[in-house]
Structure formats: structure tokens, C-alpha cells
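Quick notes on the structure that follows.
Bear in mind these aren't lab numbers, they're just calculated from the coordinates by the rules spelled out. Please read all numbers here as calculations on a predicted model, not as lab measurements. Note: ideal-geometry Cβ built from the backbone for every residue, glycine included; neighbour counts use all protein chains shown.
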Amino acid sequence: MTRATEEFRIRPIGHIHSTLRARDEAPRQGDEGAPDAWLEVEAAFARGLSGIAAGDEIVVITWLHRADRNVLEVHPRDDPRAALAGVFVTRSPDRPNPLGLHGVTVREISGTRLRIGPIEAIDGTPVVDVKSSTGGLDGAVRTG
């Protein structure tokens, strides 16, 4: 039995404030020249930051709000010479549920704001969760 019509409600815990303003300005991955940015956490979730310190490695999960949610196949890295591949084997932002995974370092903490980086998320990107790094997650999800 399929549950394709089942829906979930996700609410942002914060937003990214970055010098990157448009998708075409953003590198494909954080380690490909992305800047640091500020993650501003909503006051209601401030207690969730307890224990995070400058220097920590974390995974920021974003909602890629400018994604095309109807895309199921892409040319990896937008290279038209590459064969089409299903979005589930790529890091394409265009996908049915556009979640972004960003392995970053906490550079500074100021109240409910964390300067993190490098991160390829554009300004205004909603953040849906933050998790401690498992040490290999970012490399494990990096394909295409």
C-alpha cells in the first residue's frame, strides 16, 4: 500500500543569512568555495543549542525553498554531457522533498546565532534541524 498522499508538517527552527543571494551564485558543495554564513535560530528553539560550542562539527538540515519539486531526473552537476540520473543518487537541490544536508563547523556563537561554514545555502534558506556530526556523513552523501 502506498502512502504517497501522506503529508508531514515541517516548521523551520531558523534561517540562513548568507552573502549568497541566488542559486546560480552558490557552489555545488560547501568545500567548493562557499562562504561562512549565520544560522539564526528562532528564540523558541534556543534551548536546543545548549552544548554546541565554537569548533564543533554539525550537520545543518535545510529546506531548499527555491527547488523544483517536480524533478525526478537530472544531469549530475548540471553537466548536459552526463547521463541523466535519478535525483535520489545526486545532491541536486531539485527533488520531491528538497532537504539539504550541510556538514559545517561552528565558527562563533552569539546568542541564538551561529556563524557556520562553509555552507552553500543561499540567504533566507529555512533550517529545519541541526544534528551533531557523525564524522563521515557529509562524505557519505556526496555524489553527483
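Couplings 3J(HN,Hα) of segment 44-52, computed from phi: 4, 10, 4, 5, x, 7, 4, x, 7 Hz, in residue order, whole Hz [Karplus 6.51 cos²θ - 1.76 cosθ + 1.60, θ = phi - 60°; x for Gly and Pro]. Measuring between their Cα centroids, segment 73-123 and segment 36-64 lie 16 Å from each other. With the cut-off at under 15 Å, measuring from each backbone N in segment 1-44 to a point 7 Å along the Cα-to-Cβ line of residue 85 picks out 28-29. Entry note, the chain: the mean residue ellipticity at 222 nm calculated from DSSP H runs of n ≥ 4, each adding -39500 (n - 2.57), is -500 deg cm²/dmol after division by the residues and rounding to the nearest 500. Between 62, 125, 90, the Gaussian network model of the chain with springs among Cα atoms under 10 angstrom shows the greatest mean-square fluctuation at 90. Hydrodynamic radius of the chain by the Kirkwood approach over all distinct alpha-carbon pairs: 16.0 Å.
By the equivalent-ellipsoid construction on the alpha carbon gyration tensor, segment 54-134 comes out with semi-axes of 28, 13, 10 Å, ordered largest to smallest.
Taking the Cα centre of segment 47-126 as the origin and placing charges on Cβ (Lys, Arg +1; Asp, Glu -1), which of 92, 119, 53 is farthest toward the positive end of the dipole? Among 92, 119, 53, the one farthest towards the positive end of the dipole of segment 47-126 is 53. Compute, for segment 14-140, the length of the dipole vector about the Cα centre, with Cβ point charges of +1 (Lys, Arg) and -1 (Asp, Glu) only. Units Debye, rounded to 20. So the dipole magnitude of segment 14-140 works out to roughly 200 debye.
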